[in-house]
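Novice: First, the structure itself, so that you have it in front of you.
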Amino acid sequence: MHPPHDPPFEHLLRELAPQVLGAVIRRFRDFSAAEDAVQEAFIAAAAQWPRDGVPDNPRGWLIQVASRRMTDHLRSEAARRRRESAVAVDEITPDIDASTAAEQDDTLTLLFMCCHPSLSSSSAIALTLRAVGGLTTAEIAHAFMVPESTMAQRISRAKQTVKSSGIRFSVSTAAEQVERLRAVLHILYLMFNEGYTTTAGLALQRSDLSSEAIRLTRLLHRLTPDSGEVAGLLALMLLTDARRTARTGPNGELIPLNQQDRALWDQHNIAEGVALVTGALSKGSIGAYQLQAAIAAVHDEAPRAEDTDWPQILALYGLLQRMADNPMVTLNRAIAFAMVQGPAAGLELLDALEKDGRLAGHYRLDAVRAHLLELAGDFPNAIASYQKAAGGTASLPERNYLINQAARLREK
Amino acid sequence: MKYILMMTGADSKCEPIHTWPQKDIKAHIQFMMTLNRELSGSGELVSAEGLAGPDQARLVRAGKDGAPITDGVFPEAKEFLAGYWIVDVDSPERAYRIAAKASAAPGPNGVPMNMGIEVRQIMSGPPPEFL
């Protein structure tokens, strides 16, 4: 689909995408075919609306067109299978005045389906972008830097998995809902991170996965305003994304937090993120996303790197570590510990982590060790650790950053 | 995560493909086409290319004026890149499985060649921000 190049118009279509799809699935109970029908309705809208104007009820229009496509599809399927189901299909007439509550449920249920644990994370991200985000296959392929035909196959297989695993399009029980919401948050979190790792310096707004993850998490937050985890994830994304322009130099080189030009940080995003995480924590909702957001907020609120409230960050990492025994959290806590207690204390924690084994050989352990050795003034070992870390990372900007760190110390 | 799977010619013990019986050449090509179709169908194929033979290879350097200086043919080269796949997969293990499958492409008399496939991760953009 090639949406019209009119941004407000495009915005409207993207906003309507999950509502229209939800309504069509609710009626026809076939996720895969409904998804195709809705894409076709959007192509029709993109062709007709600029010429004839936007209909009075654009949502109803899209549901009606998609439903007609579904009816055609089911008829031809029925004919092919020589069954008589076409008669039943005729009786289905689209109800274009579904209530707002049903719409919201539909969008949430769609997210549950697209982020189902039976899908691999890359499939779930792609399916979510198309079915809920309203992006075209070409745009998603571009974001992942794979051919469009490859992405089309990935989405098609994901839809088949959803279909064959018999995931119901209905509101699940409260306990199920909590679990499924957690899966959705995880996928949105991965989508946000993917936005950093796939763009090789060429930031394209339209298919920017991080911005899309923020948009979808914002939508989820509107649907589940009482969830502290959702508010926490949205805050974490906003507080991290606020630093985006300061994070890389003109040639895509990484600039670490303590050397970033803080005047470039997006104060609007920071204010919104801080308000969200403060709200969630003050309601007593303490989860991993809220805590990570709180840590990001402490960084973002420091006017200069040397003003950073490291004791508070250390305390927050302590809480985070108690919630989940994750060696990456321990690694980050070691940095905070070094900033409060001195590099020798941090290095001791790293030795313990090395013995623990789960991070053994991971380049992040070497990168952090290099940093702490440098702080301790042990340049020869810091150089060796920077070089070891550079050999282990799969990120090109990070590799360049690490070899430059080693070179800088060699020339001291 | 993306990986490049590099197939190096002249590493396997068997004779070069142009000396094989026709039915074996056909079976080999068929196998490669099927593999590519499978990778495309699973939504993992980024690209797959075969390279022209090493007899056509030239080693190029810039001369003093920046103009290309080409150097001869290297028939004595023991290893050369014959072709490659770039795949986008969920794990390194999956990339290894694909490589193993390609490695077992049929050679003369349909016997699996078990050629060496070098698997290398393709570098990505900046990592997620570590706080």
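The values are calculated or read from the model by the stated rules, or taken from the named source; none is laboratory data. The structure presented is a predicted model; accordingly, all values stated were derived computationally and were not measured. Cβ coordinates were reconstructed from backbone atoms using ideal geometry, including for glycine residues, and neighbour counts include every protein chain displayed.
Novice: Go through segment B:91-126 and give me each residue that's in contact with a helix residue (DSSP H, G or I) (Cβ under 6 Å, 6 or more places away or on another chain) and under 20 Å from A:Ser120 (Cα atoms).
Specialist: Passing the criteria: only B:Ser124.
Novice: Which members of segment A:366-412 meet the condition of being in a helix (DSSP H, G or I) and among the charged types (D, E, K, R)?
Specialist: A:Asp366, A:Arg369, A:Glu374, A:Lys388, A:Glu398, A:Arg399, A:Arg408, A:Arg410
Novice: Considering (1) in a strand (DSSP E or B); (2) within 14 Å of another protein chain (Cβ to nearest Cβ), say which one B:Asn36 fails and leave the rest.
Specialist: The number of the failed condition is (1).
Novice: If I ask for residues that are more than 14 Å from chain B (Cβ to nearest Cβ) and either free of Cβ contacts under 8 Å to residues at least 12 places away in the same chain or of a type in the set (Val, Ile, Thr) (or both), which ones from segment A:364-380 would you list?
Specialist: A:Gly377, A:Asp378, A:Pro380
Novice: Does A:Leu220 qualify as being modelled with pLDDT of 90 or more, under 14 Å from the mean Cα position of the chain (by Cα) and farther than 21 Å from B:Pro127 by Cα?
Specialist: Yes.
Novice: Then there is this: Tell me, which residue of segment A:145-160 that is charged (D, E, K, R) and closer than 14 Å to A:Ser122 by Cβ is farthest from the other protein chains (Cβ to nearest Cβ)?
Specialist: The selected residue is A:Arg157.
Novice: Can you tell me which residue among A:Asn404, A:Asn326 is of a type in the set (S, T, N, Q) and farther than 25 Å from B:Ile122 by Cβ?
Specialist: A:Asn326
Novice: Would you check if there is a residue in segment B:67-76 being small (Gly, Ala, Ser), outside any helix (DSSP H, G or I) and farther than 19 Å from B:Gly107 by Cβ?
Specialist: Checking segment B:67-76: at least one residue is small (Gly, Ala, Ser), outside any helix (DSSP H, G or I) and farther than 19 Å from B:Gly107 by Cβ.
Novice: While we're looking at this one, here's another question. Of everything in segment B:1-24 that's surrounded by 15 or more Cβ atoms within 10 Å (Cβ to Cβ) and part of a helix (DSSP H, G or I), which residue is modelled with the highest pLDDT?
Specialist: Here the answer is B:Asp24.
Novice: If you don't mind, another one. Being crowded, with 16+ Cβ neighbours inside 10 Å, closer than 28 Å to A:Asp266 by Cα, polar (S, T, N, Q) and more than 13 Å from chain B (Cβ to nearest Cβ) is the requirement here; does A:Gln290 meet it?
Specialist: yes
Novice: Output the number of the condition that B:Ala82 fails; it satisfies all remaining conditions of (1) surrounded by 11 or more Cβ atoms within 10 Å (Cβ to Cβ); (2) of a type in the set (A, V, I, L, M); (3) without any contact (Cβ under 8 Å) to a residue 24 or more places away in the chain.
Specialist: (3)
Novice: Still on this structure: Within segment A:339-363, restricting attention to residues that are in contact with a Phe, Trp or Tyr (Cβ under 9 Å, 6 or more places away or on another chain) and touching a residue at least 24 places away in the same chain (Cβ under 8 Å), which residue is surrounded by the most Cβ atoms within 10 Å (Cβ to Cβ)?
Specialist: Top of the filtered list is A:Gly346.
Novice: Could you list all residues from segment A:352-379 that are of a type in the set (Asp, Glu), farther than 20 Å from A:Thr393 by Cβ and within 33 Å of the chain's Cα centre (by Cα)?
Specialist: If the condition is that a residue be of a type in the set (Asp, Glu), farther than 20 Å from A:Thr393 by Cβ and within 33 Å of the chain's Cα centre (by Cα), then A:Asp356 is the only one that fits.
Novice: While we're looking at this one, here's another question. Being away from chain B (no Cβ under 14 Å) and either part of a helix (DSSP H, G or I) or over 23 Å from the mean Cα position of the chain (by Cα) (or both) narrows it down to one residue among A:Leu276, A:Leu238, A:Leu233; which is it?
Specialist: A:Leu276
Novice: What helices (runs of 4 or more DSSP H) lie completely within segment A:18-115 and have 1 or more residues being modelled with pLDDT of 75 or more?
Specialist: The qualifying helices (runs of 4 or more DSSP H) are A:31-52, A:58-81, A:100-114.
Novice: From the list B:Gly50, B:Gly63, B:Gly110, which one is surrounded by fewer than 14 Cβ atoms within 10 Å (Cβ to Cβ) and either within 30 Å of A:Ala394 (Cα to Cα) or within 14 Å of chain A (Cβ to nearest Cβ) (or both)?
Specialist: None of the other options fit; the residue is B:Gly50.
Novice: Need the failing condition index for B:Glu129 against (1) away from chain A (no Cβ under 14 Å); (2) modelled with pLDDT under 95; (3) surrounded by 15 or more Cβ atoms within 10 Å (Cβ to Cβ), just the number.
Specialist: Condition not satisfied by B:Glu129: (1).
Novice: Here's something else I'd like to know. Tell me yes or no: at least one residue of segment A:319-328 is closer than 19 Å to A:Leu238 by Cα and touching a residue at least 24 places away in the same chain (Cβ under 8 Å).
Specialist: There is no residue in segment A:319-328 that is closer than 19 Å to A:Leu238 by Cα and touching a residue at least 24 places away in the same chain (Cβ under 8 Å).
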